[in-house]
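Pasting in a structure now, in structure tokens, and then I'll have a few things to ask.
The values are calculated or read from the model by the stated rules, or taken from the named source; none is laboratory data. Only a predicted model underlies this, so the values are computations on that prediction, with no experimental measurement involved. So basically every Cβ, Gly included, is an ideal-geometry build from the backbone, and we count neighbours across all protein chains shown.
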Amino acid sequence: MSRLRHMMSPLDFSTDELDRLFDVAGDIEHNMGAYAHACDGRIMATCFYEPSTRTRLSFETAMLRLGGKTIGFADASNSSASKGESVSDTIRVISCFADICAMRHPKEGAPMVAAEKSLIPVINAGDGGHQHPTQTLTDLLTIRSLYGSLSGFTIGLCGDLKFGRTVHSLINALSRYQNIHFIFISPQELRVPDYITEMLSSKGITYEEVVRLEDVMPRLDLLYMTRVQKERFFNEEDYIRLKGFYVLDKAKMQLAKKEMFVLHPLPRVNEISVDIDDDPRAAYFRQVQYGLYVRMALILTLLDLTDEHMNEGLLKTY
Ligand code: NCD
């Protein structure tokens, strides 16, 4: 029997393992029908202690598209957490019901605590302001598919770089690829945490920190926009002051390269004008689609089912 594996951080997989995961996701994109029964008889539990639309629905759709079924809760007040149950106990119980679990929690590290007691694979679906590995897998697959490579580009990350867990996860993951230059675009108050810039410096990876998006726009190959994370602010006034800081609109897009892609983990609030949704460089809705493929591939990988189901042609390449 294969070893029980979890996904707490994108770094849990080597870059070779990620390549293989993205190959499976690519195969799913082109041969979705071939996977329709890959998880027949399997159950995924989605345990969401914090609001979510696309992540939870994306996991549930992924399992349903693989022929499996889903159980779970979308609101902690509907679960035994409201009676005081610990995540360790909850996961022991869920382990008796389901084959795999995706967990989102407002407390950093909670899915990790669950994984330590779990008898089934646990996927961190976002823990506080810490990590959001499956969004990162989504972002990496989108970059690999649209830009064509996971190395050799200048990426701008713009908005709430302090609280945005998708940003922290993505920078960590990209730090393992070659020749990537980071430009962090944020107000002073929302700068990327020091532990991240220290990690980049220690690896000799170049980065800049700037406040004005317009100044760096012409140099970007990829622009990763984020919303200001209202729920992590202590003070409503600060949130209101900062939320309108960046609005990507047609005028700013005119400064960009013709082939620069705009990504966003969504939900968007006001940081990208709807006027640019039809711009071919606006890739955020395509990104959602890639998120489905990569979650399907991750479920198959953690359940150790990839080899049985990948299409013949792709399997031969291994
Ligand atoms: C992100 C998250 O939950 O961190 N959303 C998502 O899962 N796509 C980004 C956000 O909420 O801003």
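Being among the aromatic types (Phe, Trp, Tyr), over 17 Å from GLU214 (Cα atoms) and either more than 16 Å from the ligand (Cβ to nearest atom) or not assigned by TED's automatic domain parsing to the domain that holds THR142 (or both) is the filter here, so list the residues in the range 224-273 that pass it.
PHE234
Quick check on my filter: what residues within the range 120-137 are buried (at least 21 other Cβ atoms within 10 Å of the Cβ) and within 16 Å of the ligand (Cβ to nearest atom)?
Within the range 120-137, ILE123, ASN124, ALA125, GLY126, ASP127, GLN131, HIS132, PRO133, THR134, GLN135, THR136, LEU137 meet the criteria.
Further question: Every residue in the range 16-55 that is among the basic types (Lys, Arg) and at pLDDT 95 or above, please.
ARG20, ARG42
Here is a list: VAL167, VAL192, VAL122. Which entry is touching a Cys at 6+ places or on another chain (Cβ under 6 Å) and among the aliphatic types (A, V, I, L, M)?
Of the residues listed, the single one that is touching a Cys at 6+ places or on another chain (Cβ under 6 Å) and among the aliphatic types (A, V, I, L, M) is VAL122.
Please report, ordered by residue number, the helices (runs of 4 or more DSSP H) entirely within the range 191-283 with at least 3 residues that are within 27 Å of GLY126 (Cβ to Cβ).
Ranges flagged: 194-202, 236-243.
Among residues belonging to the range 70-108 that are surrounded by fewer than 16 Cβ atoms within 10 Å (Cβ to Cβ) and not in a helix (DSSP H, G or I), point out the one that is modelled with the lowest pLDDT.
Filtering the range 70-108 for residues that are surrounded by fewer than 16 Cβ atoms within 10 Å (Cβ to Cβ) and not in a helix (DSSP H, G or I), the one modelled with the lowest pLDDT comes out as GLY84.
Just to be sure, is SER201 among the small types (Gly, Ala, Ser) and farther than 25 Å from PHE234 by Cβ?
The answer is yes for SER201.
Still on this structure, I have one more. Does LEU140 fit the bill of being more than 16 Å from the ligand (Cβ to nearest atom), surrounded by 17 or more Cβ atoms within 10 Å (Cβ to Cβ) and at pLDDT 95 or above?
The answer is no for LEU140.
Where residues in the range 18-69 are touching an Asp or Glu at 6+ places or on another chain (Cβ under 9 Å) and not in a loop (DSSP other than H, G, I, E, B), which of them is surrounded by the fewest Cβ atoms within 10 Å (Cβ to Cβ)?
Among residues in the range 18-69 that are touching an Asp or Glu at 6+ places or on another chain (Cβ under 9 Å) and not in a loop (DSSP other than H, G, I, E, B), the one surrounded by the fewest Cβ atoms within 10 Å (Cβ to Cβ) is ALA34.
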